[in-house]
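Asks: Please see the structure below; I have some questions.
The values are calculated or read from the model by the stated rules, or taken from the named source; none is laboratory data. Given the structure is predicted, the values throughout are model-derived calculations rather than measurements. Cβ sites come from the backbone with ideal geometry, for glycine too, and all protein chains shown count toward neighbours. Surface accessibility is based on the protein's heavy atoms, side chains included, excluding ligands, DNA and RNA. Shrake-Rupley method; radii C 1.70, N 1.55, O 1.52, S 1.80 Å.
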Amino acid sequence: MTLRSCLSAMIGVLIVSAAPAFAQSNSNVFGSVVKPGERSTQYRIALDPDSGALTHRLHYQAPLTDNLRWRVVGQLRDRENNDVDFDYVQGELLWQLAPATSDWKRALRLDVRVRDEDRPGFVSVNFANQVELSDQWRARAIILSAVDFGSNTRDGIFVQTRGNLTYKTSSQTRLGVEMFNRYGSTDGFNDFDDQRHQIGPVMTWSSGSGWSVLTSVLFGVTDATDDTNLRMWITKKL
């Protein structure tokens, strides 16, 4: 497959979807590669400066095989009254579909999320794409689809898209831009102003000792989206 074909496929992934939002402010444009033998833990924090609301998220992940990786995720949220509440726990299984040497890397990820307070959980199937445009440039595009289960379930399939474009400025640093799009349910799509779209810059830095840091700012594009979302993630390879 040519690079032009890869790019066309990724653009298609970003524009063919249309349905709503289950992502949290700590979501990411995840990659498509399983690194054999690599285990890691991660802490994420996201802030809405307007309301002061915070979310805290912890990850642990490890490979099962050379192309399968599992992850467990837990998230807490600080509300405006400074109470810290359990938000959700989630299990994930990522299946790498293409060799790590391929210019177009693909993966499927299955997520199962459980929440409290009679909020519905969901099961989602996600298709992730990553294209190495050059030694420095990399593009990612993801389509995510979810169905509710449990209490107070909502009708339809919930779909979102994510994408980013990053440039490797050094062996330790990448700079880029990322976008998150949430549209509404297949049971009834929202008007554009009622959809949630965010875009903003992202920077990642990694050390030689297994530590890495991501910082990101997302800006709302539509009326239904928060104006600003500040994020930072700290990862340690084990």
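Asks: Anything in region 129-153 that is surrounded by 18 or more Cβ atoms within 10 Å (Cβ to Cβ) and either without any contact (Cβ under 8 Å) to a residue 24 or more places away in the chain or not hydrophobic (A, V, I, L, M, F, W, C) (or both)? List them, or say none.
Replies: Of everything in region 129-153, those that are surrounded by 18 or more Cβ atoms within 10 Å (Cβ to Cβ) and either without any contact (Cβ under 8 Å) to a residue 24 or more places away in the chain or not hydrophobic (A, V, I, L, M, F, W, C) (or both) turn out to be 129, 130, 138, 140, 145, 148.
Asks: Please enumerate the residues belonging to region 157-187 that are more than 23 Å from residue 228 (Cα to Cα), open to solvent by 20 Å² or more (accessible area, probe 1.4 Å) and either among the acidic types (Asp, Glu) or in contact with a Gly (Cβ under 7 Å, 6 or more places away or on another chain) (or both).
Replies: Hits for region 157-187 are 167, 186, 187.
Asks: Mind counting the residues in region 179-211 that are in contact with a Ser or Thr (Cβ under 8 Å, 6 or more places away or on another chain) and more than 22 Å from residue 42 (Cα to Cα)?
Replies: 9
Asks: Give just the number: which of (1) within 17 Å of residue 41 (Cβ to Cβ); (2) open to solvent by 30 Å² or more (accessible area, probe 1.4 Å) does residue 214 not satisfy?
Replies: (2)
Asks: Yes or no: residue 156 touching a residue at least 40 places away in the same chain (Cβ under 8 Å) and within 19 Å of the chain's Cα centre (by Cα)?
Replies: So residue 156 does not fit the description; no.
Asks: Now a separate question. Under 8 Å by Cβ, and 6 or more places apart or on different chains, what pairs join a residue from region 116-128 that is farther than 29 Å from residue 141 by Cα with one that is open to solvent by 10 Å² or more (accessible area, probe 1.4 Å)?
Replies: Filtered contacts from region 116-128: 116/86; 118/151; 118/152.
Asks: I'd like to verify a number: residues in region 47-73 that are acidic (Asp, Glu) and either within 21 Å of residue 89 (Cβ to Cβ) or free of Cβ contacts under 8 Å to residues at least 12 places away in the same chain (or both), how many?
Replies: 0
Asks: Name the single residue that is modelled with the highest pLDDT among those in region 31-67 being over 17 Å from the mean Cα position of the chain (by Cα), among the hydrophobic types (A, V, I, L, M, F, W, C) and in a loop (DSSP other than H, G, I, E, B).
Replies: So, considering only residues that are over 17 Å from the mean Cα position of the chain (by Cα), among the hydrophobic types (A, V, I, L, M, F, W, C) and in a loop (DSSP other than H, G, I, E, B), the one modelled with the highest pLDDT is 64.
Asks: Checking residue 167 against (1) closer than 18 Å to residue 94 by Cα; (2) in contact with a Leu (Cβ under 8 Å, 6 or more places away or on another chain), which test does it fail?
Replies: (1)
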